[in-house]
Structure formats: structure tokens, C-alpha cells
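J.: Sending over a structure as C-alpha cells; questions will come in a sec.
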Amino acid sequence: MRFVGLGILGLIAVLLIWGFTGINKIPTHEESAHAAWAQVLNQYQRRADLVPNLVATVKGAADFEKSTLEAVVQARAKVGSMQLPADLLTNPDAMRAFEANQGALTSALSRLMVVAEQYPNLKATEGFQTLQAQLEGTENRIAVARKDYIDAVRVYNTELKTFPGVVWKSLLYADREPMQQLQVDPAKQEVPTVDFGTSGN
Amino acid sequence: MHLRLITALVLLCFVQVFPGYAETPDLPALTGRVVDRAGILSDTVETALSSKIEAHEKAAGDQIVVVTLPDLMGRSIEDWGLLLGRGWGIGQKGKDNGIVFLIAPNERELRIEVGYGLEGSLPDATANEIIQSDVIPHFKQGDMEGGVTAGLDAILAALGGTYQPPVEPSTAYDNTSSFIDLDFLIPFLFWGVSVVLGLLMSLRRRWDKKRNRHVWYIATSSGSSSSGSRSFSSSGSSFSGGGGSFGGGGASGKW
């Protein structure tokens, strides 16, 4: 009997200790999710910075299909003028708008790269090859940063919803909301189709 | 009674710790600086590559591994580069100065995955240049060993700041402007010489230090070694990653 009583007491103590070790988990996971998001933004910025150079190179080297180029310029302008609200990560609408704008630039750029295949003179210039490598690298970095953010948000949101995090949330972190999850980019899966029958100009 | 409490505590610790490691897929074993799973390298070439990497690692601290895979199992080569680099922890923790040079001969794809810390000295464009003009010409002729060796040499040169693309332009380059300009080359020459000299000097210094520490390494090799520390062994036998991380930098190519 004494053993059982002691056992229960021990179990309660262990549960308490376990619960307390989780006291910092919500802010810790929140910080890592924020850091992962900063990396996402950083890589998107890196891509946006590449675009003017890319456009100038393409314009200079070939009599390039105008509509494709314009689509890139417009998408880039939209991304550049985008206002990011402070609650972006917890606001579904803001997040959707962000995703739509970045996605538009992604598909405009990949279309540009597909069309560029038709211009051997352009492809042969060293400047274009460099930019192409940089763009590919940046797109890959974006994919990695997004994946890291998705993982970090999964951990954070799980912590908010499971014991003992849910207890700490109600006690100390009541204002914390689950963060928006990113979709795995459908634009990245499909190669854009380009109709070469109608060459611009 | 205490025993029961301790057991419960220990069990709970496991419960707490375990979820973090649950999703790592099986990686090939990191058997050395060259992991030739596809079997395209002879022993002599493998040893030569390993010792080159080891020399650079001792001089500059960067960790490089050459990996060949027989099968990408439906994943992209970018996925594999990241998976292997992060999974093995190539590069030193905090410095993230690792490189994974990955070749998939059956899919005819290759990738140079560059750790965060080396993205400056080996930017994507340079990695692409190495792949396109140093490695692929060899691969196209079926010379796998030559391609891997040339690629590694170029990577090491880039890290040392002395990389120059091969003078003979590949077929992809049909631009008419002359590639080599003497005025442009002179500062590079000076720079190259000083870098090589510096490298040699630091190599010597490392070597001297290493000799004194050698006994210590052997003495403690049977004991526990913390996984996060840099544990460079003198032979390739017990090589391990230093905990570096990767962010998707580098370049890929096909041939």
C-alpha cells in the first residue's frame, strides 16, 4: 500500500517536472519559426534582387518575346510594392496574398527560362549563364527555406495544441495563435507550357 | 521506490527527446571522405581524392565529401544534396563550411551542395561553372574518374580563391571576345601565389601541431567523443561530420 501511494506521488511529481520543463517551449519554438520565416523572406528578396539584372541581360542580348519579359517585370513590381503586415504569419488572408504574389513571380520567371531555351545566342552569353545559375540556386534556397519554415511551424503549432503546451498557452501565452502553414508550391511541380508558334515580334 | 521514480523520469526523457529524430530517413553510412556507393572510382583514385580533401581540411577546416549514388530513388538530386549534407552534418558546427559533391551516374546528374558558410567563396555561378566546364566534358566522354577529380580540384581551387575556368572553352561558349586579358590576370596571379604560400605555411603549422597531438588522438579514440566537436582523424577510417548545416546553395547539372 505504501509503495502504491509513493508511486502515485512520484508520478505526480514527474508530471509536474515534465510540465515545467515545457514552460519555455512555446516562445522557443515561436522564435525558431520566426527565424525560419526570416530566412524565407531573405531568399525571396535575393530572388527579387536578381530580376532587374536578368531582365536587362535578356533585353540586351536578344530580341526577346515582349509579353514574357513584361510578365516578369510586373510580377517583380508587385512583389516589391507588397506591404507585409505585422501579423502576416497568423493572418490567413495576408499570407494568401503574399503567396499569390511570390507564386506569380515564380511562374513568370520559370516561363522566362523556358522561353530563353529558344534563344541560343542569349543562352551562350556568359552573363546569362551566370544569372541562370544564380536563379536556380536561389529557387532551390527558397524551396529549402520554405521547407524549414513548414517544419518549424508544425512543431510550434503542435506545441500550442498538445499537453503540456496547451496548459502553458492558457496560463502565460494566451495571445499566441497558430501560424499559417505554407502550401507546397504547385507552380514548382509543373513545367510551364509555352506556345512557340506565336513568337513575339 | 526511488528506482521506480528514476525509471519513470528516464522514460519520460526519452519521450521528450525522441520526436526530434523520428523523421530522418535512412542515409548511406558516412564511411569516409569519399563514399563511392555507385562504384565508379578505383581504389587509387579514391585514396587520391581522400588525401587531397584531407589536406585541405587540415589547412582550411572546410569539410568536403565526395558521394556517388547508384540510385536517387525518385528524389531530386537537390533533395539528396541537402539530405546528405544536413544528415551527416558536413562542415563544422557554427561555421557550416561543408561541401557535398554528389554524382548519380545512372541518372546522369550531379550536384555541388554548398554549406551556408562557403556560399561566399563558392557561389552558385562558380559551382555551375565547375560542373559545366570542368566536370561534364569528362563525364560526356565516359571518364568518370577524371571528371570527379577535375571537379574536386576545381572546388578546392575555388575555396582557395584561385579557381580559373579551363582556358579551352567548352562547346557551350561560342562568344567571340577573347577570354584571357593579361591586365585582368596579373592581380590574380599575385593573389594566387600569396594564397598558395599562405596555405603551405598554415599546412606546415597544422602538421607540426598535429604531430604532437597524434598520440592523444589515439589514446582517446576508444573513449567517447562528442558528436559536435571536430574530430579529424589521420586516416579516413573514422571520419565524421562536424555538425554543419546547409541552405540549398550550390548548383546542379546533367550530362
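The values are calculated or read from the model by the stated rules, or taken from the named source; none is laboratory data. These numbers were taken from a predicted model, which means no experiment stands behind them. Cβ coordinates were reconstructed from backbone atoms using ideal geometry, including for glycine residues, and neighbour counts include every protein chain displayed.
J.: I'd like the full set of residues that are within 8 Å of the chain's Cα centre (by Cα) and either closer than 27 Å to residue A:22 by Cβ or at pLDDT below 90 (or both), limited to region A:133-149.
T.: Correct list: A:147, A:149.
J.: Separate question: How many residues does region A:154-171 contain that are modelled with pLDDT under 85 and either part of a loop (DSSP other than H, G, I, E, B) or within 21 Å of the chain's Cα centre (by Cα) (or both)?
T.: The number of residues fulfilling the criteria is 2.
J.: On to the next question. Among the residues of region A:137-159, which ones are surrounded by fewer than 20 Cβ atoms within 10 Å (Cβ to Cβ), of a type in the set (A, V, I, L, M) and touching a residue at least 40 places away in the same chain (Cβ under 8 Å)?
T.: A:143, A:155
J.: If a residue counts only when it is over 28 Å from residue A:135 (Cβ atoms), which helices (runs of 4 or more DSSP H) contained entirely in region A:1-96 have at least 3 such residues?
T.: A:2-21, A:25-61
J.: Could you check, for region B:140-151, whether at least one of its residues is in contact (Cβ under 8 Å) with a residue 60 or more places away in the chain, within 14 Å of chain A (Cβ to nearest Cβ) and more than 17 Å from residue A:141 (Cβ to Cβ)?
T.: no
J.: Counting only residues that are under 24 Å from residue B:97 (Cβ atoms) and either of a type in the set (Ser, Thr, Tyr) or within 14 Å of chain A (Cβ to nearest Cβ) (or both), how many does region B:28-75 have?
T.: Of the residues in that region, 5 qualify.
J.: Please work out if residue B:107 is at pLDDT 90 or above and over 15 Å from residue B:253 (Cβ atoms). Working first, answer last.
T.: Values: at pLDDT 90 or above: yes; over 15 Å from residue B:253 (Cβ atoms): no.
Here the answer is no, as residue B:107 does not meet what is asked.
J.: Would you pick out the residues in region B:68-117 that are touching a residue at least 24 places away in the same chain (Cβ under 8 Å), among the basic types (Lys, Arg) and either part of a strand (DSSP E or B) or touching a helix residue (DSSP H, G or I) at 6+ places or on another chain (Cβ under 9 Å) (or both)?
T.: B:95, B:108, B:111, listed by residue number.
J.: Looking for something surrounded by 20 or more Cβ atoms within 10 Å (Cβ to Cβ), under 26 Å from residue A:155 (Cβ atoms) and small (Gly, Ala, Ser) - is there at least one such residue anywhere in region B:91-111?
T.: yes
J.: Can you find a residue in region A:2-15 that is within 25 Å of residue A:174 (Cβ to Cβ) and of a type outside the set (Phe, Trp, Tyr)?
T.: yes
J.: Is one or more of the residues making up region A:140-150 among the β-branched types (Val, Ile, Thr), in a helix (DSSP H, G or I) and away from chain B (no Cβ under 14 Å)?
T.: no
J.: Taking the condition touching a helix residue (DSSP H, G or I) at 6+ places or on another chain (Cβ under 8 Å), surrounded by 14 or more Cβ atoms within 10 Å (Cβ to Cβ), part of a loop (DSSP other than H, G, I, E, B) and at pLDDT below 65, does residue B:173 pass?
T.: yes
J.: Could you please tell me which pairs satisfy a Cβ distance under 7 Å, a separation of 6+ or placement on different chains, a first residue in region A:114-136 that is surrounded by 15 or more Cβ atoms within 10 Å (Cβ to Cβ), and a second residue that is among the basic types (Lys, Arg)?
T.: A:116/A:123
J.: Is it fair to say residue A:32 is hydroxyl-bearing (Ser, Thr, Tyr), surrounded by 13 or more Cβ atoms within 10 Å (Cβ to Cβ) and more than 18 Å from residue A:136 (Cβ to Cβ)? Write out each step before concluding.
T.: Details: hydroxyl-bearing (Ser, Thr, Tyr): yes; surrounded by 13 or more Cβ atoms within 10 Å (Cβ to Cβ): yes; more than 18 Å from residue A:136 (Cβ to Cβ): yes.
So residue A:32 fits the description; yes.
J.: If we keep just the residues of region A:12-40 that are in contact (Cβ under 8 Å) with a residue 12 or more places away in the chain and away from chain B (no Cβ under 13 Å), which is farthest from residue A:98 (Cα to Cα)?
T.: A:23
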